[in-house]
Amino acid sequence: MFEAKPWWQSKGVIGGLISLIAPLAAMAGFTLDTSAQSALTDLTLQGVSLLGGVFSIYGRIAATRRVA
């Protein structure tokens, strides 16, 4: 566990953000049980991974210089 990763790839951070959002959703009339929060965390992480892949491919295609 010596490798660092960006904050948005951390399940702890994503889960914490969703836990902060859940009470706001409840105030607005939406309810999220723990299984829904877990599913939302997993879906968010998959979305972040997808965006990372898209941006890395786009970055390589849009690059004007080759990799040395």
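The values are calculated or read from the model by the stated rules, or taken from the named source; none is laboratory data. None of the values given here were measured: they were computed from a predicted structure. As a convention, Cβ positions derive from the backbone with ideal geometry for all residues, glycine included, and neighbour counts pool all protein chains shown. Just so you know, the surface numbers come from the protein's heavy atoms only, side chains and all, with ligands and any DNA or RNA stripped out. Shrake-Rupley method; radii C 1.70, N 1.55, O 1.52, S 1.80 Å.
The length gained on full extension between VAL13 and GLN37, counted as 0.36 nm times the residue separation minus their Cα-Cα distance, comes to 7.3 nm. THR64 exposes around 130 Å² of accessible area when a 1.4 Å probe is run over every protein chain in place. Each Lys or Arg adds one and each Asp or Glu takes one away; over the other residues whose Cβ falls under 14 Å from the Cβ of GLY12, this sums to +1.
Given the DSSP H assignment, sum -39500 (n - 2.57) over each helix run of at least 4 residues in the chain and divide by its residue total; what's the result at 222 nm in deg cm²/dmol, nearest 500? Before the final figure, lay out the partial values.
On the way: 2 runs with 46 residues, N = 68.
One gets -23500 deg cm²/dmol as the mean residue ellipticity at 222 nm.
Between ALA62 and THR44, full extension at 0.36 nm per residue minus the direct alpha carbon distance yields a gain of 3.8 nm. Just the protein heavy atoms count here, and of the accessible area of the chain at 1.4 Å, carbon and sulfur take up 68 percent.
Compute the projected area of the convex hull of the Cα atoms of the chain, averaged over all viewing directions, and report it in nm² to one decimal place. Walk me through the numbers before you get to the answer.
On the way: hull surface 27.7 nm².
So the Cα hull casts an average projection of 6.9 nm².
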